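Here the structure is laid out as structure tokens; the discussion comes afterwards.
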Amino acid sequence: MADGISRRGFLGTAAVAGGLAAAGAASGCASDTSGPKAKPSGQGPAEVFTTPTRKLKGSLTILMWSHFVPRHDTWFDKFAADWGKRVGVSVRVDHINTVDVPRRAASEIQSGHGHDLIQHIAPLSQYEPSVLDMADVAQEATRRWGQQLELCRKSSYNPNTRKFYAYCPGWAPDPGDYRKSMWQKVGLPNGPGSYDDLLRGAAEIKRTTGIPCGIGLSPETDTNMAMRALMWSFGASEQDADERVVINSDAAVAAVDFMARLWKQAETSEVFSWTPASNNQALIAGRSSYILNSISAWRTAQATNAAIGDDIFFVPALRGPKAALAAQHVIQQWIIPKYSPNADAAKEFLLHYTANFASASYYSKLYDFPGWPSLVPQLDGWLDKDPWGARPANKLALLKTAVSWSANIGYPGPSNPAVGEIFNTNVLPTMFARAARGQVTAKQAVAEASGQVNAVFANWRARKLVGG
């Protein structure tokens, strides 16, 4: 069948029971440039296999990001190849820098030729007209493993078209990463708990030590995430729950004004040209007191600079005047372009990958969290006692509540195609940066962005792909 595997075929499949088993010595010692090189303590998950519902053949090509925790890619590439050998499919995995994935995806979709399966870490909803509906995969995953996280569902499903434009089996939280020794000296040993704390503490740290805060103001993924977290916590958003544009608000102006003050008092001009790696690099090098990021910078510091690694701690979403919310740091977006001749193999592989998400979590050093929580029952135990050498061992325990303070891009509405375009064209980072630079007032910056956002929504609404 052209668009994937039938529900009848899915229902005839029986999953192999999973459990915990000792990981092989080779996988436990995989070469890794971003974390401890010693074997992890404890045991890795046993992998499970489900026989495909039909005989597969041919090839499967996968384009995906180069994971911020390289040990994950060492595991994934072998995992994918082993599955291919078992089912009779030649699998090729191509990893590229995450900033290059959207451009490469757009090029391949426009040309009608390229990889069968494409993965990105931010919304790809703007490609909905050009990709296959993944409803059969998402529904089968829910039948097998229970309820999908709403965060992941809203990041992959368009309620207006009732189409799963992407498949979302995993995500990564976006806590605040802070240097405990620095924040102790300004009276906040547990790090900032609110945006007021952040401004006060980060400004004092910069004044007394010269070390700035590290929240970006450039056209890149991490800035996109950070600016949305700030807006939501101040009571602002791009759209409401019914997909009506609401960005032009006093709350948005207050958020933009706050960021301008934070930059002036606690940051440097470097943040206007940062890439997604820049805040990680600054924290690891001891040149930042606080960043909004995943745990990957700390994992790198564990191996490359243990003193700094041990001094990095985490806080949940900061409290603003209205809420305490953070965007997910990574939202897995797996799409199958309509040109792919190998959709059946792609969908079967995604189910196999999802069934083994405990391994994805483990070998990403707890970076990747499951979209179907039942698949990684070990997660809370790992967060309480990190198998990869955290000091203290429960350093990541706060992430057990991450779902409660994390929101999807587009919150409180879905990650619709308009939101995807706005994210990938960096409308919000530009809004915040222009005000911080003093090029326009906060109110003018919000009004400019509102015009852009309304135009994008009008275009997609005319195509009946956005509600409101």
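The values are calculated or read from the model by the stated rules, or taken from the named source; none is laboratory data. Remember, it's a predicted structure, so these values are computed and weren't measured experimentally. We place every Cβ from the backbone using ideal geometry, glycine too, and count neighbours over all the protein chains shown. All accessible areas refer to the heavy atoms of the entire protein, side chains included, with ligands and DNA or RNA removed. Shrake-Rupley method; radii C 1.70, N 1.55, O 1.52, S 1.80 Å.
Can you find a residue that is without any contact (Cβ under 8 Å) to a residue 60 or more places away in the chain, within 25 Å of the chain's Cα centre (by Cα) and crowded, with 16+ Cβ neighbours inside 10 Å anywhere in segment 85-97?
Restricting attention to segment 85-97, the residues satisfying the condition of being without any contact (Cβ under 8 Å) to a residue 60 or more places away in the chain are 85-86, 88, 90, 92-97.
If we keep only those that are within 25 Å of the chain's Cα centre (by Cα) as well, we get 92-97.
From the residues that got through so far, the ones that are crowded, with 16+ Cβ neighbours inside 10 Å too are 93, 95.
Checked segment 85-97: at least one residue is without any contact (Cβ under 8 Å) to a residue 60 or more places away in the chain, within 25 Å of the chain's Cα centre (by Cα) and crowded, with 16+ Cβ neighbours inside 10 Å.
Answer yes or no as to whether residue 276 is surrounded by 18 or more Cβ atoms within 10 Å (Cβ to Cβ) and assigned to a loop (DSSP other than H, G, I, E, B). First the steps, then the outcome.
Details: surrounded by 18 or more Cβ atoms within 10 Å (Cβ to Cβ): yes; assigned to a loop (DSSP other than H, G, I, E, B): yes.
So residue 276 passes the test.
Would you call residue 193 in contact (Cβ under 8 Å) with a residue 60 or more places away in the chain, among the small types (Gly, Ala, Ser) and surrounded by fewer than 21 Cβ atoms within 10 Å (Cβ to Cβ)? Give the derivation first.
Details: in contact (Cβ under 8 Å) with a residue 60 or more places away in the chain: yes; among the small types (Gly, Ala, Ser): yes; surrounded by fewer than 21 Cβ atoms within 10 Å (Cβ to Cβ): yes.
When the stated conditions are applied, residue 193 passes them.
Identify the single condition in (1) out of contact with any Leu (no Cβ under 8 Å at 6 or more places or on another chain); (2) touching a residue at least 12 places away in the same chain (Cβ under 8 Å) that residue 225 does not satisfy, given that it satisfies every other one.
Every listed condition holds for residue 225 apart from (1).
Could you list, in sequence order, all residues of segment 408-437 that are in a loop (DSSP other than H, G, I, E, B) and of a type outside the set (Val, Ile, Thr)? If you could, list the steps in order and put the result at the bottom.
The first filter runs over segment 408-437 and keeps only residues in a loop (DSSP other than H, G, I, E, B), leaving 408-416, 425-426, 437.
408, 410, 411, 412, 413, 414, 415, 416, 426, 437, listed by residue number.
Which residue, of 175, 169, is within 20 Å of residue 226 (Cα to Cα) and not charged (D, E, K, R)?
Details: 169 fails: within 20 Å of residue 226 (Cα to Cα).
Only one candidate qualifies: 175.
When the residues of segment 279-298 are narrowed to those that are open to solvent by 10 Å² or more (accessible area, probe 1.4 Å) and not in a loop (DSSP other than H, G, I, E, B), which ends up farthest from residue 456 (Cα to Cα)?
284
Which one of the conditions (1) surrounded by fewer than 22 Cβ atoms within 10 Å (Cβ to Cβ); (2) touching a helix residue (DSSP H, G or I) at 6+ places or on another chain (Cβ under 7 Å); (3) closer than 14 Å to residue 336 by Cα does residue 113 fail to meet, given that it meets all the rest?
The failed condition is (2).
Looking only at segment 169-186, count how many residues are over 30 Å from residue 148 (Cα atoms) and either touching a Gly at 6+ places or on another chain (Cβ under 8 Å) or surrounded by 19 or more Cβ atoms within 10 Å (Cβ to Cβ) (or both). Spell out the reasoning first.
Going residue by residue through segment 169-186, those that are over 30 Å from residue 148 (Cα atoms) are 178-186.
Right, trim to either touching a Gly at 6+ places or on another chain (Cβ under 8 Å) or surrounded by 19 or more Cβ atoms within 10 Å (Cβ to Cβ) (or both) and you get 178-180, 182-183, 186.
Of the residues in segment 169-186, 6 are over 30 Å from residue 148 (Cα atoms) and either touching a Gly at 6+ places or on another chain (Cβ under 8 Å) or surrounded by 19 or more Cβ atoms within 10 Å (Cβ to Cβ) (or both).
Identify the residue in segment 159-168 that is crowded, with 22+ Cβ neighbours inside 10 Å and touching a residue at least 60 places away in the same chain (Cβ under 8 Å) and, among all such residues, is nearest to residue 366 (Cα to Cα). Walk me through it before giving the result.
We begin by selecting, within segment 159-168, every residue crowded, with 22+ Cβ neighbours inside 10 Å; these are 164-168.
Remaining after also requiring touching a residue at least 60 places away in the same chain (Cβ under 8 Å): 165-168.
Working: 165: 27, 166: 23, 167: 20, 168: 17 Å.
Among residues in segment 159-168 that are crowded, with 22+ Cβ neighbours inside 10 Å and touching a residue at least 60 places away in the same chain (Cβ under 8 Å), the one nearest to residue 366 (Cα to Cα) is 168.
Go through (1) under 30 Å from residue 129 (Cβ atoms); (2) surrounded by 21 or more Cβ atoms within 10 Å (Cβ to Cβ) for residue 430 and report which single condition fails.
For residue 430, the failing item is (2).
Go through segment 250-268 and report how many residues are open to solvent by less than 30 Å² (accessible area, probe 1.4 Å) and either assigned to a loop (DSSP other than H, G, I, E, B) or in contact with a strand residue (DSSP E or B) (Cβ under 7 Å, 6 or more places away or on another chain) (or both). Before you say what the answer is, go through the steps one by one.
Of all residues in segment 250-268, those open to solvent by less than 30 Å² (accessible area, probe 1.4 Å) come to 251-252, 255-256, 258-260, 262, 266-267.
Keeping just the survivors that are either assigned to a loop (DSSP other than H, G, I, E, B) or in contact with a strand residue (DSSP E or B) (Cβ under 7 Å, 6 or more places away or on another chain) (or both) gives 267.
Number satisfying all stated conditions: 1.
What about residue 359, is it in contact with a strand residue (DSSP E or B) (Cβ under 8 Å, 6 or more places away or on another chain) and of a type in the set (S, T, N, Q)? Even if it seems obvious, please write down each step before you answer.
Working: in contact with a strand residue (DSSP E or B) (Cβ under 8 Å, 6 or more places away or on another chain): yes; of a type in the set (S, T, N, Q): yes.
So residue 359 passes the test.
At least 2 residues that are within 25 Å of the chain's Cα centre (by Cα), over 20 Å from residue 265 (Cα atoms) and not assigned by TED's automatic domain parsing to the domain that holds residue 370 in each: list the helices (runs of 4 or more DSSP H) lying fully within segment 170-240 that qualify.
The helices (runs of 4 or more DSSP H) meeting that bar are 221-233.
Name the residues in segment 205-252 that are hydroxyl-bearing (Ser, Thr, Tyr) and more than 16 Å from residue 454 (Cβ to Cβ), would you? Steps first, please.
First, the residues of segment 205-252 that are hydroxyl-bearing (Ser, Thr, Tyr): 208-209, 218, 221, 223, 233, 237, 249.
Across segment 205-252, the qualifying residues are 208, 209, 218, 221, 223, 233.
Can you report the number of residues in segment 352-407 which are assigned to a loop (DSSP other than H, G, I, E, B), among the polar types (S, T, N, Q) and in contact (Cβ under 8 Å) with a residue 60 or more places away in the chain?
Of segment 352-407, the ones assigned to a loop (DSSP other than H, G, I, E, B) are 356, 364-368, 371-372, 376-378, 385-396.
Now drop any that are not among the polar types (S, T, N, Q), which leaves 356, 364, 378, 394.
If we keep only those that are in contact (Cβ under 8 Å) with a residue 60 or more places away in the chain too, we end up with 356, 364, 378.
Total satisfying the criteria: 3.
Enumerate the pairs (first residue in segment 443-455 and assigned by TED's automatic domain parsing to the domain that holds residue 245 and β-branched (Val, Ile, Thr); second residue anywhere and surrounded by 17 or more Cβ atoms within 10 Å (Cβ to Cβ) and assigned to a helix (DSSP H, G or I)) with beta-carbon separation below 7 Å, excluding pairs fewer than 6 apart on the same chain, so at least 6 apart or on different chains.
446/252; 446/253; 446/256; 446/431; 453/422; 453/427
Of the conditions (1) in contact (Cβ under 8 Å) with a residue 24 or more places away in the chain; (2) over 23 Å from residue 233 (Cβ atoms), residue 267 clears all except one; give me its number.
With respect to (1) in contact (Cβ under 8 Å) with a residue 24 or more places away in the chain; (2) over 23 Å from residue 233 (Cβ atoms), residue 267 is out only on (2).
Would you point out which residue out of 339, 367 is farther than 30 Å from residue 251 by Cα, open to solvent by less than 10 Å² (accessible area, probe 1.4 Å) and of a type in the set (Ser, Thr, Tyr)?
Values: 339 fails: open to solvent by less than 10 Å² (accessible area, probe 1.4 Å).
Going through 339, 367 in turn, the sole match is 367.
Quick check on my filter: what residues within segment 229-253 are within 16 Å of residue 434 (Cβ to Cβ) and of a type outside the set (S, T, N, Q)?
Correct list: 230, 231, 247, 252, 253.
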